[in-house]
Amino acid sequence: MALRQRCPHSRLLVVSGDDDPKLADLSRSAGADGYLHKQASPETFAHAVATLRAGQRWFAECPPADGTALRRELPLRPHELGLTERQGQILGMLLRGQPNKRIARDLHISEQTVKEHVTNILARLGASSRLEVIARMGGRRIES
């Protein structure tokens, strides 16, 4: 982490609006001293800062205050999922609920080609259906 190298004695707390539990792990592996969800209460924020100032780390999970799951807006690139760019395009359209026929029309390819791509996407993601992929992706979006 470049900031850690420039400021080796500073304590780093990552604050994010995304509720993906992987972000806390990514923050930790990148050298942060703590991770906090921006929906955390002011008291929790104060406790996290005090913990870091005391030389300890803070990676406690903090669900949204109202108990609802937040959308995961962190964009993914196709290669991060082991997909080709075309498969990423199709996955993005699939996540928006578009049927094969519309995907084929919009991408100027045959419906059979879309079906083959969808089959490969499902296999790569370890899913058995489009609905399972949509559920697993939890509102994420694919960027090309």
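Worth a mention:
- Proximal lysines to LYS101, defined as alpha-carbon separation beneath 27 angstrom and excluding residues fewer than eight positions away on the same chain: LYS115
- Once both labels are positioned 7 Å from their Cα atoms along Cα-to-Cβ, the gap between ARG102 and ALA46 label points is 5.0 nm.
- Using alpha carbons only, the radius of gyration of the chain set against its Kirkwood radius gives Rg/Rh = 1.12.
- The orientation-averaged projected area of the convex hull spanned by the Cα atoms of the range 2-53 comes to 3.6 nm².
- Kirkwood-based Rg to Rh ratio, the range 78-137, C-alpha trace: 0.92
- Candidates SER27, VAL114, ALA50 compared by Cα position along the dipole of the chain: farthest toward the positive end lies VAL114, with charges placed on Cβ.
Every number here is computed from the coordinates shown, using simple stated rules; none is lab data. Just so we're clear, the structure is a prediction, and the values are computed from it rather than from any experiment. Note: ideal-geometry Cβ built from the backbone for every residue, glycine included; neighbour counts use all protein chains shown.
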